[in-house]
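Data block below; observations after.
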Amino acid sequence: MSLLTNTAVFLCTLAAMEWVAWAAHKYIMHGWGWGWHRSHHVPRRGRFERNDLFAVVFAGIAIALIYLGTNGRPPLQWIGAGMTAYGALYFIAHDGLVHQRWPFRYVPRRGYLKRLYQAHRMHHAVDGKDGCVSFGFLWAPSVDRLKADLRRIHGGPLRRHAAPRSSPRV
């Protein structure tokens, strides 16, 4: 395959992964996979949470695709590479920036990163798996749209019933 084709497959996979991640987050993680994902919506104890197993599953799929691609099925390696690149961006934006699972802290004050940060915080504004908004990881609707969605879903302003969390958890 040509360099242009490989690059196109890689970039298309990278872009498509946002939709795949959105669908997996909404329908699997907030559906039948809630048993793992619940750990992400409560204060974390320790360095890891059960939700991290989803990253292991996606990494395993990407590794398998890269392996198959390097062993006679060339497009698969570039699909696996695109998945891996998306995983790296996810790790930086979601785990690092939004949830601050790194040793340094940065809260964006403007632009795209602020919108991404705020959208994911609004996702976590709801207790439990139902009634959440903003399931994407690298694309975020406007904060005004998300607030309107939360008001529509919950029949008015969102009121949290849980006690405030002591940790800087999002």
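The values are calculated or read from the model by the stated rules, or taken from the named source; none is laboratory data. Since the structure is predicted, the reported quantities are computational estimates derived from the model, not experimental observations. Here the Cβ is made from the backbone with ideal geometry for all residues, glycine too, and neighbour counts use every protein chain on show. Side chains included, ligands, DNA and RNA excluded: accessible areas come from the protein's heavy atoms. Shrake-Rupley method; radii C 1.70, N 1.55, O 1.52, S 1.80 Å.
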Counted residues, region 124-144 - those being loosely packed, with under 14 Cβ neighbours inside 10 Å and either aliphatic (A, V, I, L, M) or outside any loop (DSSP other than H, G, I, E, B) (or both): 1
Failed item, numbered, when ASP127 is tested on (1) among the charged types (D, E, K, R); (2) in contact with a helix residue (DSSP H, G or I) (Cβ under 9 Å, 6 or more places away or on another chain); (3) at pLDDT 90 or above: (3)
Filtered residue count, region 43-63, keeping only those that are out of contact with any Ser or Thr (no Cβ under 7 Å at 6 or more places or on another chain), in a loop (DSSP other than H, G, I, E, B) and free of Cβ contacts under 8 Å to residues at least 60 places away in the same chain: 4
Search result, residues across region 92-114 that are in contact with a helix residue (DSSP H, G or I) (Cβ under 8 Å, 6 or more places away or on another chain), assigned to a helix (DSSP H, G or I) and not aliphatic (A, V, I, L, M): HIS94
Residue check for ALA64: within 14 Å of the chain's Cα centre (by Cα) and at pLDDT 90 or above: no
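Residues checked against (1) out of contact with any helix residue (DSSP H, G or I) (no Cβ under 7 Å at 6 or more places or on another chain); (2) farther than 19 Å from VAL98 by Cα:
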{"residue": "MET29", "(1), (2)": "no, no"}
{"residue": "TRP32", "(1), (2)": "yes, yes"}
{"residue": "HIS37", "(1), (2)": "no, no"}
{"residue": "HIS40", "(1), (2)": "no, no"}
{"residue": "PHE48", "(1), (2)": "yes, no"}
{"residue": "VAL56", "(1), (2)": "yes, yes"}
{"residue": "ALA59", "(1), (2)": "no, yes"}
{"residue": "ALA62", "(1), (2)": "no, yes"}
{"residue": "GLY69", "(1), (2)": "no, yes"}
Residues satisfying the stated conditions in region 64-105, i.e. surrounded by fewer than 18 Cβ atoms within 10 Å (Cβ to Cβ), over 21 Å from GLY46 (Cα atoms) and without any contact (Cβ under 8 Å) to a residue 24 or more places away in the chain: ALA64, TYR67, LEU68, THR70, ASN71, GLY72, ARG73, ALA88
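Every residue, every condition in (1) aromatic (Phe, Trp, Tyr); (2) in contact with a Gly (Cβ under 7 Å, 6 or more places away or on another chain); (3) modelled with pLDDT under 90, yes or no:
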site	(1), (2), (3)
VAL98	no, no, yes
PHE104	yes, no, yes
GLY111	no, no, no
ALA148	no, no, no
HIS154	no, yes, yes
VAL170	no, no, yes
So SER2, is it touching an Asp or Glu at 6+ places or on another chain (Cβ under 6 Å), small (Gly, Ala, Ser) and open to solvent by less than 70 Å² (accessible area, probe 1.4 Å): no
